[in-house]
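The values are calculated or read from the model by the stated rules, or taken from the named source; none is laboratory data. Note that this is a predicted model, so its numbers are computed, not measured. Here the Cβ positions follow ideal geometry from the backbone for every residue, glycine too, while neighbour counts run over all protein chains shown.
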Amino acid sequence: MRNKLAQIFAALSKAAMLLMIPAVAFAEYKLNLQTPNTALGHTIFDLHTIITWICVVVFVLVFGFMFYAVYAHRKSVGHKAANFHEHFWVEVAWTLAPAIILLTMMVPATKSLVMLRDTSDADLTIKATGYQWKWGYDYIRGEGEGISFYSSLSTPQAQIQGTEPKGEHYLLETDTVVVVPVGKKVRMLVTAADVIHAWWVPALSVKQDAVPGFIRDTWFKAEKPGIFRGQCAELCGKDHGFMPIVVEVKSAADYSAWVASQKANMKKAAVAEAPDKAWTLDELKARGEKVYASNCVACHQASGMGLPPTFPALSGSKIATGPKEGHLAMVLNGKAGTAMAAFKHLSDADIAGVVTYERNAWANKTGDMVTPAEVKAARGGGAAPVAAAPAAEVVAPAAAVAAGATGALPAAVYYDSGKATASAEGKTSLDAVIAHLKTNADAKVEVTGYTDKAGNLAANMELAKQRAVSVRDALMAAGVAKERISMKPPATVEAGGDGKQARRVDIKPTA
Ligand SMILES: [Cu+2]
């Protein structure tokens, strides 16, 4: 018996020793919030500490009293349960005590909440947009206004697959980082383009849901320069864990230098991407190689051999050597239900480059060149298929009476299918409207683009909008002040309408 006990004891102490090893490995392990880098963060940190301690005290008192009562007044030592109801002072005490505790906690909590919501007087405003699965940033006010970029995970696929050891910032590193100046109040506008994400950087004490169709705001003011890492904090699909956030806080001078370099890059890009630029095959390939290296290499590999079976090889791929349209569509729209995401957020030139590159790299020798103009055309999603063959003569809406030489309003400006410049007939009515507006200097108009319900709704709406804008631009070019023109959202022609009516912009007089 004794022997057996000794054996069990030895086994237990061995197990305890084994458990000690992880304890050593976790010497660095810290059970608390990250060290805050903002004044608000310190407030929140302290609030968290105070409330935790209040909970600990309440816990110890309540359970201490309970266990003491249970133990000291147990039946076996001869205690008999008291049987009483409605003890006035006991009831007052157990109502008042929690109320006082809650009120005490409410004061600092409310103070922090008010601070948290105060996004006024920001020095800098940055919009963060969540995408499946990356973040887009637009600097929309303050120093750096106009800068915009995407930020994606930069952890190599090999680390994720486990064929390479994991790096220090595994899944917390990105290709581009959000740069902000130290000691300046940064207001973050947070939204999303597909599903709900959340922008969360613990050390900056910001965590804000990014909801499609809504813009929420939050703020931070970093106390010290440094690099701060966060993640999307809302389950947003299968790559939810792969959209980290990296914020680099720089000194005022370093921040200005960063802004200057970003602006210089933007200028270069604008020149390199002028819409009328004539690209050569080599230029597109060179550009595409870079785009490939920063967007595609993680899955399809530098060798173009991919990581089958999960990530297919592009070298010798049917799609990358087949018709251009299929290849373009795969890159623009991705493939639903696979890791191949849509890359339509890349510029026309980037997509033209990467597709051209893939068609001419490795074993692929198509000699094809895909130009930015082709990408632009492919983006239209079949370029607004406006209803063809009008079935029967449909009575034109009242507003669609073409303006005659008298220049009467309302007028309808017609367009050719898929085009954003007015047809010959449209131009005539537009000229008449311009003549009318020139002779009636205080006449005002409203401009509405029309579309129908056939084909791709988003593309139709976009085209209707572009057409309305082209009318406004034509009016303004002719000297009509912007204040005299009010733009209405695109409207839809009911199904069954004559195709032509879905290709018009109405100009109506307003008071
Ligand atoms: Cu997300």
Within the range 247-265, is there a residue that is assigned by TED's automatic domain parsing to the domain that holds Glu143 and under 24 Å from Lys335 (Cα atoms)? no
Can you tell me which of (1) of a type outside the set (Val, Ile, Thr); (2) assigned to a loop (DSSP other than H, G, I, E, B); (3) at pLDDT 95 or above is the one Ser120 doesn't meet? (3)
Close pairs from the range 213-228: first charged (D, E, K, R), partner not in a strand (DSSP E or B), Cβ under 6 Å, at least 6 apart: Asp217/Thr119; Lys221/Lys185; Glu223/Asn37; Lys224/Asn37
Just to verify a result, which residue in the range 120-134, among those that are small (Gly, Ala, Ser) and within 16 Å of the ligand (Cβ to nearest atom), is farthest from the chain's Cα centre (by Cα)? Ala128
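A quick yes/no check of all residues on (1) buried (at least 19 other Cβ atoms within 10 Å of the Cβ); (2) within 16 Å of the ligand (Cβ to nearest atom); (3) among the charged types (D, E, K, R):
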{"residue": "Leu103", "(1), (2), (3)": "no, no, no"}
{"residue": "Val107", "(1), (2), (3)": "no, no, no"}
{"residue": "Lys111", "(1), (2), (3)": "no, no, yes"}
{"residue": "Val114", "(1), (2), (3)": "no, no, no"}
{"residue": "Asp118", "(1), (2), (3)": "no, no, yes"}
{"residue": "Gly136", "(1), (2), (3)": "no, yes, no"}
{"residue": "Gly146", "(1), (2), (3)": "no, no, no"}
{"residue": "Tyr150", "(1), (2), (3)": "no, yes, no"}
Among the residues of the range 324-355, which ones are within 24 Å of Pro309 (Cα to Cα), touching a Leu at 6+ places or on another chain (Cβ under 7 Å) and without any contact (Cβ under 8 Å) to a residue 60 or more places away in the chain? Ala342, Phe343
Is it the case, given these coordinates, that Thr174 is of a type in the set (S, T, N, Q), out of contact with any helix residue (DSSP H, G or I) (no Cβ under 9 Å at 6 or more places or on another chain), within 28 Å of Ser120 (Cα to Cα) and within 16 Å of the ligand (Cβ to nearest atom)? no
Identify, from the list Val206, Val179, Val186, the residue that is within 16 Å of the ligand (Cβ to nearest atom), buried (at least 20 other Cβ atoms within 10 Å of the Cβ), closer than 30 Å to Ala252 by Cβ and not charged (D, E, K, R). Val206
Name the strands (runs of 3 or more DSSP E) wholly within the range 438-511 that hold at least 1 residues that are among the β-branched types (Val, Ile, Thr) and within 24 Å of Arg379 (Cβ to Cβ)? 444-451, 504-510
Going by what's in this entry, would Ala158 be described as among the aliphatic types (A, V, I, L, M), at pLDDT below 95 and in contact with an Asp or Glu (Cβ under 7 Å, 6 or more places away or on another chain)? yes
Quick one: is Val249 more than 27 Å from Ala341 (Cα to Cα), of a type in the set (A, V, I, L, M), surrounded by 14 or more Cβ atoms within 10 Å (Cβ to Cβ) and away from the ligand (no atom under 16 Å from the Cβ)? yes
Before we move on, is Val433 closer than 30 Å to Asn333 by Cα, of a type outside the set (S, T, N, Q) and assigned to a helix (DSSP H, G or I)? no
Just checking, which of Gly226, Gly237, Gly213 is in contact with a strand residue (DSSP E or B) (Cβ under 6 Å, 6 or more places away or on another chain) and either within 11 Å of the ligand (Cβ to nearest atom) or among the small types (Gly, Ala, Ser) (or both)? Gly226
